[in-house]
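For reference, the structure discussed in these notes is given below.
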Amino acid sequence: MPTVTVMSSLPPLPADQVVTASDFVRHFGLWQERATRTPLYILQRGRPRFVLISIETMNALCAPQASQAFGNASPNTPLDVAVLLDNVRDLILIADSEGAIVACSRTARAHFGRIVALGAPIDAITPPPSRALLVESVSRVAASGIGEQMKAPSAAREGRILALNIEPVGDGVGVFAEDITP
C-alpha cells in the first residue's frame with residue numbers, strides 16, 4: 001500500500017488515511033466511510049490539521065484508564081486517586097453505591113487490615129451492633145448526595161472509637177475515619 005509522508009512528527013501514513021481538506025469536502029461520504037474503519041488525517045496546506053475517527057474509537061480514547069495502583073484500588077479507580085490515597089495520613093475508604101470497598105488509603109489498610117480488602121463491605125469496619133447504622137448512613141448519603149457523620153467503635157481495634165464522616169464520592173461514598181478515643 002502506498003504511503004504519504006507529511007511534514008510533521010507523524011510517521012508516513014497509508015495513502016488511504018490521508019486527505020486534503022478540499023478533497024474531504026468534495027467527497028465527504030467516501031471519507032466518512034473510511035473513518036469508521038481507521039483514523040483519517042485531514043491535511044490543510046499540506047500539514048495534518050484534523051483527524052476524523054468513529055465515535056466508538058473516540059469513546060475508547062476518552063474512557064478512564066484502568067488503575068495500575070499496586071492492589072490498593074479497583075481497576076476502575078484512576079491511578080492518581082490511588083496515589084493520593086496512599087499519601088494521606090487519614091483513614092479513607094471509598095465504596096461504590098452497593099457499599100463495596102473500591103479503594104482505601106494506606107493508613108486505612110494499616111488500621112483495619114484485611115477488613116478493608118477490595119470488594120469487602122464497608123460496614124465491616126465497625127462491629128456487628130454498629131453495622132446496620134453504617135449501612136443505613138451509607139445508603140442515605142449515596143442516594144441523597146448529602147454527607148453524614150456518626151461515631152462507631154472500630155472492628156479492627158478493640159476499645160477504639162472512630163468518628164466517621166460519610167460523604168458522596170462519584171456514584172458511591174467516601175468514609176473519612178478518625179480515631180477519637182480519649
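Structure data summary
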| item | result |
| --- | --- |
| Long-range neighbours under 7 Å by Cβ, at least six apart or interchain, first residue at pLDDT 85 or above within the stretch 39-50, second open to solvent by 100 Å² or more (accessible area, probe 1.4 Å) | I42/R49; I42/F50; L43/R49 |
| Selected residue (criterion: modelled with the highest pLDDT) from residues of the stretch 17-35 that are open to solvent by 60 Å² or more (accessible area, probe 1.4 Å) and among the charged types (D, E, K, R) | R26 |
| Every residue from the stretch 105-119 that is small (G, A, S), in contact with a strand residue (DSSP E or B) (Cβ under 6 Å, 6 or more places away or on another chain) and open to solvent by 20 Å² or more (accessible area, probe 1.4 Å) | G119 |
| Candidates I92, I146 - the one that is of a type in the set (A, V, I, L, M), surrounded by 16 or more Cβ atoms within 10 Å (Cβ to Cβ) and at pLDDT below 95 | I92 |
| Filter pass, P129 being modelled with pLDDT under 90 and surrounded by 12 or more Cβ atoms within 10 Å (Cβ to Cβ) | no |
| Boolean, A143 is in contact (Cβ under 8 Å) with a residue 24 or more places away in the chain and in a helix (DSSP H, G or I) | no |
| Given (1) under 14 Å from L91 (Cα atoms); (2) assigned to a loop (DSSP other than H, G, I, E, B); (3) acidic (D, E), index of the condition E158 fails | (1) |
| Residues of the stretch 149-182 satisfying the condition of being hydrophobic (A, V, I, L, M, F, W, C) and open to solvent by 20 Å² or more (accessible area, probe 1.4 Å) | M150, A155, A156, I161, A163, V169, F176, I180 |
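The values are calculated or read from the model by the stated rules, or taken from the named source; none is laboratory data. These numbers come from a predicted model, not from an experiment. Reconstructed Cβ throughout: ideal geometry from the backbone, glycine too, with neighbour counts over all protein chains shown. Note: areas computed on protein heavy atoms with side chains; ligands, DNA, RNA excluded. Shrake-Rupley method; radii C 1.70, N 1.55, O 1.52, S 1.80 Å.
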